[in-house]
Amino acid sequence: MNISPLQRLRYDYQPKLPAILREDIKTILPVVGEETSPAHDKEALKALFPHTYGLPSVHFAKGENKIIGARRNVGVILSGGQAPGGHNVISGLFDAMKAANPENELYGFRGGPRGILNDSYTLITEEFLAPFRNTGGFDIIGSGRDKLETAEQFEVCAKVCKKHEVSALVIIGGDDSNTNAAVLAEYFKDKGHGIQVIGCPKTIDGDLKNESIEISFGFDTATKTYSELIGNIERDANSAKKYWHFIKLMGRSASHIALECALETQPNICLISEEVEANKQSLTSIVNDIALTVAARAEDKNNFGVVLIPEGLVEFIPEIKYLIEEINNLLAKDIVAFSACNDSSERIAFVSERLSQASCNVFTILPKDIKKQLLMDRDPHGNVQVSRIETDKLLASMVAAQLQKMKSEGTYTGTFSTMTHFFGYEGRCAFPTNFDADYCYSLGYNAFMLIGGNLTGYISSVTNLSQPAKEWKAGGIPITMMMNLEQRHGSMKPVIKKALVELDGAPFKYFVAHRDKWARETCFVYPGAVQYFGPAEVCDQTTRTLALEQAK
Ligand code: FBP
């Protein structure tokens, strides 16, 4: 295999574990903490998860562990979008399993949840794993967005696990996949199948977080990768002084990625969807605000700048949010007739005729491409595929039209040329930063510690992450405590609540305190490329978001 010099050197990197997990594995014991309960919908969740609701949190302490050495086969699944560090979760899991008992076997189910349904797997050996250690990507076993949700599917999972004597499954995924992990754990427990299920918090979006999950893995690497690119664009903008760059950033509904990149690079404008929603800001008012900033900078002869746009923005603009909800319900109800439409024009007409007057008015003014993008297939969890909606182009063209109007009114005299970008896939498979390499390895190792403690329905939790790795705390929390009930596909379903940007949180407040200055002046910061070798302050720092959240 042809590999780069960096990749070769990364094979030698030994990820750092929390101090307790550096002990001999047979001298680490799970310690039960307090019983947990979700913040909302307690009674409904208790009824839905009678076996796994209200379980206690768990951490680890020194003590003789007599059961962890029992021989086990474990299955692992990568689920959903790629996130840097997935290979290290598997490495950590594998190493813990072999440390506990060299006879243990790890089955990597291929292509996401579908892998277990199809009994398609790779038996992971040291030799097979070696070229994937500390590398990005999910190509070790592949991933997928299939959902495990029906009793028939759960029974197939149980059958496949029993065939291979797999007594525990580790599901590495985001909020939806960990929701599925909780449902599967409950089902296995209810049916007495004796198969444990443990989740691991993955997603570049950063929206799977709470006090026990301080950050989902991949967020650190992805935001550093985007920040490097944004910084490079800022420097180009500041050199050429002729373009406004509109940059859409991945992150699905939450604006954590956009906010973190703004904290890293200090662009002129960064929209935060959660703020747009809180202020009930319309599309027109967002466009007008951007145009005013462009005009103000033009007064200083600065006809250039950078605007960051979270990819989920459209879902937070009230009138478009209602429109999307109406379209979702309409498609859930009339999918057969909708699918029978011959082309995009027919589909647009079909939907327009069935929308309420208010939503129809909004839909009508959108450019045809955006209309088409709003009607694209939902993902298997019922989400609009916001990565495919070109909000960067939409805003750039609407701001251009507004500036044209302002010019005719004599309130703007500058020039306005735009470049649009979408950064998403560029960051999802980057080589994990040292932080993600360490964190992911720890999550995987820790997942096996939970299995060794005979736990099920838990998510692997490693906390205190703004401190050096040896001070990290390892443990687990029941997935049910992160759940609430939400409307999905037209009915109420138990799901893990997505963590959106908190408008009273320290990262957003820091941004608000500085953004006016960043808008008018040119305060760009150029973070440069991720570094793997060198001083800790360059190589091992995690995100500004986490540092601000955990500042004492
Ligand atoms: P997960 O929630 O599965 O981690 O996916 C994250 C993400 O990268 C989102 O930011 C983005 O909207 C979506 O995946 C894109 O999905 P796809 O890979 O299917 O195009």
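The values are calculated or read from the model by the stated rules, or taken from the named source; none is laboratory data. In this text the structure is predicted, and so the values were computed from the model without any measurement. All Cβ positions, glycine included, derive from the backbone under ideal geometry; neighbour counts span all protein chains shown. Heads up: the accessible areas ignore ligands, DNA and RNA and are worked out on the full protein's heavy atoms, side chains in. Shrake-Rupley method; radii C 1.70, N 1.55, O 1.52, S 1.80 Å.
Express the relative contact order of the stretch 358-449 as a whole percentage, based on alpha carbon pairs under 8 Å and six or more residues apart in sequence. The normalised contact order for the stretch 358-449 reaches 18 percent. Split the accessible area of the stretch 412-539 by element, probe 1.4 Å, and carbon with sulfur accounts for 54%.
Placing unit charges on the Cβ atoms of the charged side chains and taking the dipole of the stretch 1-139 about its Cα centre, the candidate lying farthest along the positive direction among ASN118, GLY69, PHE132 is PHE132.
A viscosity of 1.306 mPa s and a temperature of 10 °C, combined with the Kirkwood radius over C-alpha pairs in the Stokes-Einstein formula, give the stretch 304-426 a diffusion coefficient of 98 µm²/s.
Calculated mean residue ellipticity at 222 nm for the chain: -13000 deg cm²/dmol, from DSSP H runs with n ≥ 4 weighted as -39500 (n - 2.57), summed, divided by the residue count and rounded to 500.
Counting protein heavy atoms only, the stretch 1-120 has 52 percent of its accessible area on carbon and sulfur, 1.4 angstrom probe. Taking every alpha-carbon pair under 8 Å whose residues sit at least 6 apart, the chain reaches a relative contact order of 24 percent. With axes computed from alpha carbons, what is the tilt in degrees of helix 86-100 against the longest principal axis of the chain, rounded to the nearest 10 within 0 to 90? With rounding to tens, the tilt is 10 degrees. In plain terms, if you count all Cα to Cα distances in the stretch 27-151 and split them into 10 Å steps from zero, the share in each step is 12, 29, 32, 25, 2 percent.
Compared with the dominant Cα axis of the chain, that is its longest principal axis, helix 256-265 is turned about 70°.
With q set to 0.20 Å⁻¹, the log10 of I(q)/I(0) for the stretch 97-248, from the Debye formula over equal scatterers at the Cα positions, is -1.34. The trypsin sites (Lys or Arg not before Pro) of the stretch 47-156 that meet both conditions, a loop assignment by DSSP and at most 10 other Cβ atoms within 10 Å of the site Cβ, are LYS66.
Quick one: angle between helix 219-240 and the longest Cα principal axis of the chain, in degrees between 0 and 90, rounded to 10, please. Helix 219-240 sits at roughly 30 degrees to that axis. Taking the average, over residues, of other Cβ atoms within 10 Å as the packing measure, peptides 450-459, 247-256 rank 247-256, 450-459 from highest down. Given a cut-off of 19 Å, what percent of all Cα-Cα pairs of the stretch 202-270 lie beyond it? Here the long-distance tail beyond 19 Å is 35 percent of all Cα pairs in the stretch 202-270. Relative contact order for the stretch 446-552: 18 percent, from Cα pairs under 8 Å spaced at least 6 residues apart, divided by residue count. Of the residues MET419, GLN541, ILE496, the one whose Cα sits farthest towards the positive end of the charge dipole of the chain is MET419 (charges of +1 on Lys and Arg Cβ, -1 on Asp and Glu Cβ, taken about the Cα centre).
Ordering VAL31, VAL495 by accessible surface, largest first, gives VAL31, VAL495; the 1.4 Å probe counts only protein heavy atoms, with every chain in place.
Summed over all non-identical Cα pairs, the Kirkwood treatment of the stretch 327-366 gives a radius of 10.4 Å. The shape of the stretch 148-218 can be summarised by an equivalent ellipsoid whose semi-axes, obtained from the alpha carbon gyration tensor, come to 25, 11, 10 Å from longest to shortest.
Under the combined filter of DSSP loop state and at most 15 neighbouring Cβ atoms within 10 Å, the stretch 142-221 retains these GluC sites (Glu not before Pro): GLU165, GLU211. For the chain, the antiparallel share of DSSP beta bridges with both residues in that region comes to about 40%. Would you kindly give the portion of the calculated P(r) for the chain that falls above 30 Å, as a percent of all Cα pairs? The share of Cα pairs beyond 30 Å in the chain comes to 52 percent.
Heavy-atom accessible surface of PHE132, to the nearest 10 Å², is about 40 Å², with a 1.4 Å probe and all protein chains retained. All Cα-Cα separations within the stretch 407-528 were binned at 10 Å from zero, giving a P(r) of 9, 19, 31, 23, 11, 6, 2, 0, each value a whole percent of the pairs.
For LYS42, the lysines whose Cα falls under 24 Å of its own Cα, not counting residues fewer than eight places away in the same chain, are LYS189, LYS191, LYS209, LYS493, LYS497, LYS498. Between LEU6 and HIS164, the modelled labels are 3.2 nm apart [label points 7 Å from Cα along Cα→Cβ]. For the stretch 2-68, the share of alpha carbon pairs falling in successive 10 Å distance bins from zero is 17, 24, 21, 23, 13, 2 percent. Over all projection directions, the Cα-based convex hull of the stretch 246-338 averages an area of 7.1 nm².
Panel values: the stretch 198-313, Kirkwood radius from alpha carbon pairs, Stokes-Einstein at 4 °C and 1.567 mPa s, translational diffusion coefficient 85 µm²/s. Across the protein chains, with a 1.4 Å probe defining accessible surface, the residues HIS193, HIS489 rank HIS489, HIS193 from largest area downward.
Annotation: per residue accessible area for the chain equals 40 Å², rounded to a whole number [probe 1.4 Å, protein chains only].
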